[in-house]
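A.B. asks: Take this structure first; my questions come after.
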Amino acid sequence: MLVAIKKYKFFIRKTDFIKFIIKLSYISMDLKKIKAIVSWQELENIIQLRLFLGFCNYYKRFIAQ
């Protein structure tokens, strides 16, 4: 099995991993996700409310209190 060294990045200060932005000293959320919360459409039923609350509860860990 060969490893393509060109694919890998070493000694970087910032990277995007799944839904997070990982820097040397902290992990933050993607700004696109913040925009999605702020510009969420008007909720019409209980299922949409549950989806919105689940989305917000997941990202509340990144909000400084």
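Readers should treat all values here as calculations from the given coordinates under stated rules, not as data from a laboratory. The shown structure was predicted, so the numbers you read here are calculated from the model rather than taken from an experiment. Glycine gets a Cβ as well: all are built from the backbone with ideal geometry, and neighbour counts include every protein chain shown.
A.B. asks: Return I18, I27 ranked ascending by Cβ neighbour count within 10 Å, so the fewest neighbours appear first.
C.D. replies: So the ranking, lowest neighbour count to highest, is I18, I27.
A.B. asks: Mind checking the stretch 1-35 for trypsin sites (Lys or Arg not before Pro) that DSSP puts in a loop (not H, G, I, E or B) and that have at most 11 other Cβ atoms within 10 Å?
C.D. replies: For trypsin sites (Lys or Arg not before Pro) across the stretch 1-35 that sit outside H, G, I, E and B with at most 11 neighbouring Cβ atoms in 10 Å, the list reads K9, R13, K19.
A.B. asks: Please state the charge dipole magnitude for the stretch 5-62, taken about the Cα centre, from unit charges on C-beta atoms (+1 on K and R, -1 on D and E), reported in debye and rounded to the nearest 20.
C.D. replies: Dipole magnitude for the stretch 5-62 comes out near 540 debye.
A.B. asks: The stretch 1-35: which chymotrypsin sites (Phe, Trp or Tyr not before Pro) are DSSP loop and have at most 14 other beta-carbon atoms within 10 angstrom?
C.D. replies: Passing sites in the stretch 1-35 are Y8, F10, F11, Y26.
A.B. asks: Need one number: the % of Cα-Cα pairs in the chain sitting beyond the 16 Å mark.
C.D. replies: Result: 61 percent of Cα pairs exceed 16 Å.
A.B. asks: Kindly put D30, D16 in sequence by how many other C-beta atoms sit within 10 Å of each C-beta, fewest to most.
C.D. replies: D16, D30
A.B. asks: Which one, G54, V38, I12, projects farthest toward the positive side of the charge dipole computed for the chain from Cβ point charges (K/R +1, D/E -1)?
C.D. replies: I12
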